[in-house]
Amino acid sequence: MTGSLFDSPLYSGLFPTGEVKRLFSDSAAIRAMLLVEGALAKVQGQAGVIPEISAAAIHRASLEVQIDPGALTQATAQNGVPVPALVAAFRSEMKAPEHAQYVHWGATSQDIMDTALMLRLRQVLVLLEQDIRTVLDALAGLAQEHAHTVMAARTWGQHATPTSFGAVAGSWGAPLADLLDGLPALRDSALIVSLSGAAGTASALGAGAAQQRADLAAALGLADPACSWHTDRAPVLAISGWITRVAVALGKMAEDVIAMVQSETGELVLDGAGASSTMPQKQNPVAASAMVSLHAQINAANALLHGAGTHRFQRDGAAWMTEWAALPQLVLGSASALRHAVALTGGMRPDIARMRANLDSGAGLIFAEALSFALAGAMPRPQAQATTKELCQKVMAEGSDLKTVAQAAFPDLDETVFDPERQLGTAPDDALAFAARVGALTQDA
């Protein structure tokens, strides 16, 4: 087994991450940190904290200098963070010591790394949003088309009452739509700058520290937290929590899909299903299975991040390192699950005949709730429930069906009780409402 499924030439196709993967390379991390150093110098030059000519030189160099991650390996191992070696390499590459001396003025390693992380997470959210919208469009199409396509709803794995496939598709997408609704607020509150110095007091930045932080935030398009968050990982946890909720929504959909494509159920047909090496008749739900696996991994990584949120005192290396290990896996896992979801929802279609056959296969017991409420119109509700239970037991004992037994006992019974199209409740409206909601989200995008 490879060390990372996302980087493996063998397994990366099974766990694709799209464009998100490039944001968690060493080169991307270094580039983001250089951008922060350049922006910091620029705002400090404008504020007169460092010479403006030096600030311009540093900012220009931050966009041009290329630093090999491998050249920082030994120093990073010694220092526990890459920034000291990065700053030294940056200063050297500038070839202008009179200006390079002002690089990283008043900042600390965590300021640079946390701010650079936020720049990358901002791009992550953009990419994840794109895939979520694609998935929602596909689910909205299914909800619209199959708002009245009857199938058996299941509770505790058993037939419950009739529903529609459109309503099921809408239930898969509703949590994702909720997440999109909450995304602007997440961006505003969690994508923040860090600039508070060695112990969170910004003492080396001087009297204008707060303004420098605000200016840096504006320069980078991030929010100003108005405080140090070195040990308060709430912004990271807010983003990881949002991403984990994406994985939860996709995992739930995938669990349903796996159950619905089983040979005993056979209610969904998937394009591009996987093949068995020895059983040619099988069509394995590979994408859905990967999504369930990824949800488990992401959930574990999110728990690890929460556990790492208890930093000691004003800085904590161990807790911070734990975050470095867990967060990329969580982000890449969600990106991979969404890549699968895009393909899955785009190549999914219901077997309408099989859905109806499965609904009809249960001797009409799926209409037991409807029958009990119909009988409650002529007798007390507890009596109606007890009578319905007796009729169901008779059906199971005699091998009959509920409609025949019930109509024999109650000849005037309304036949719509046993018409699945008339027992869908709000399912069609729910499906159409979801489709309309996604349409509105598309217009707002």
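Using C-alpha pairs under 8 Å with a sequence gap of at least 6, the mean separation divided by the residue count of the chain gives a relative contact order of 19 percent. Between the Cα long axis of helix 165-190 and the first principal axis of the chain there is an angle of about 20°, rounded to the nearest 10. Nearest 10 degrees, 0 to 90: what angle lies between the long axis of helix 427-444 and the longest principal axis of the chain (Cα atoms)? The two axes meet at around 20 degrees. Distance distribution note for segment 393-437: the fraction of Cα pairs above 11 angstrom is 72%. The lysines whose alpha-carbon is closer than 25 Å to the alpha-carbon of residue 394, local same-chain residues fewer than 8 away aside, are 403.
When you restrict to C-alpha pairs under 8 Å that are six or more residues apart and normalise by the size of segment 130-215, the relative contact order lands at 21 percent.
Extension gain, residue 299 to residue 426: 0.36 nm times the residue separation minus the Cα-Cα distance gives 42.5 nm. Both radii were evaluated on the Cα set of segment 1-122; the Rg over Rh quotient, with Rh as the Kirkwood radius, amounts to 1.05. Normalised per residue, the accessible area of the chain is 46 Å², obtained with a 1.4 Å probe and no contribution from ligands, DNA or RNA. Between residue 2 and residue 353, the contour length at 0.36 nm per residue exceeds the Cα-Cα span by 122.0 nm.
A Förster radius of 22 Å, combined with the Cβ-Cβ distance separating residue 126 from residue 22, puts the computed FRET efficiency at roughly 0.95. Think of the chain as a dipole: +1 on every Lys or Arg Cβ, -1 on every Asp or Glu Cβ, centred on the Cα centre; then among 202, 368, 260, 202 lies furthest on the positive end. Of the residues 322, 443, 338, the one whose Cα sits farthest toward the positive end of the charge dipole of segment 301-445, with +1 on the Cβ of Lys and Arg and -1 on the Cβ of Asp and Glu, is 322.
Rg over Rh of segment 295-445, using C-alpha atoms and the Kirkwood radius, what does it come to?
1.25
Averaging the sequence gap over all C-alpha pairs within less than 8 Å and six or more residues apart, then dividing by the number of residues, gives segment 338-445 a relative contact order of 22 percent. Taking all protein chains as shown and a probe of 1.4 angstrom, residue 22 keeps an accessible surface of around 120 Å². Put a plus charge on the Cβ of each Lys and Arg, a minus charge on the Cβ of each Asp and Glu, and nothing anywhere else: the dipole of the chain about its Cα centre is then about 920 debye. Taken along its principal axes, the alpha carbon cloud of segment 52-161 reaches lengths of 76, 31, 25 Å, longest axis first. Charged neighbours of residue 64, selected by a Cβ distance under 13 Å, balance to +1 (K, R count +1; D, E count -1).
Exposure check, 1.4 Å probe, all protein chains in place: residue 256 carries approximately 40 Å² of accessible surface.
Using a Förster distance of 56 angstrom, determine the FRET efficiency expected from the C-beta separation of residue 386 and residue 269, and round it to 0.05. In this case the efficiency is close to 0.85. If you place +1 on the Cβ of every Lys and Arg and -1 on the Cβ of every Asp and Glu, how big does the dipole about the Cα centre of segment 150-233 come out, in debye to the nearest 20? With Lys and Arg at +1 and Asp and Glu at -1, about 240 debye. For Cα Rg over 2.2 N^0.38 Å, computed directly from the structure shown, the correct entry in (1) 0.90; (2) 1.30; (3) 1.13 is (2). Once the Cβ-Cβ distance of residue 315 and residue 408 is raised to the sixth power relative to R0 = 56 Å, the FRET efficiency obtained is 0.10.
Rounded to whole Å, the principal axis extents of the Cα atoms in segment 108-207 read 68, 27, 18, largest first. For the chain, take the longest principal axis of its alpha carbons; what is the angle in degrees between that and the long axis of helix 286-307, to the nearest 10 within 0 to 90? Result, in degrees: 50.
Taking the charge dipole of the chain about its Cα centre, with +1 at Lys and Arg Cβ atoms and -1 at Asp and Glu Cβ atoms, the residue from 287, 89, 29 reaching farthest to the positive side is 89.
Run the dipole for segment 333-400 about the Cα centre, Lys and Arg Cβ at +1, Asp and Glu Cβ at -1, nothing else charged, and hand back the magnitude in debye, nearest 20. It would help to have the intermediate numbers written out before the result.
Working: 7 positive and 5 negative charges, 50 e Å.
In total the dipole reaches around 240 debye.
For the chain, what % of the accessible area comes from carbon and sulfur atoms, probe 1.4 Å? It would help to have the intermediate numbers written out before the result.
Numbers: 10990 of 20360 Å².
Accessible surface attributable to carbon and sulfur in the chain totals 54 percent.
The values are calculated or read from the model by the stated rules, or taken from the named source; none is laboratory data. What you see is a predicted model; the values in this text were computed from it and never measured. Backbone-built Cβ (ideal geometry, glycine too); neighbour counts: all protein chains shown. For accessibility, only protein heavy atoms count, side chains too; no ligands or nucleic acids. Shrake-Rupley method; radii C 1.70, N 1.55, O 1.52, S 1.80 Å.
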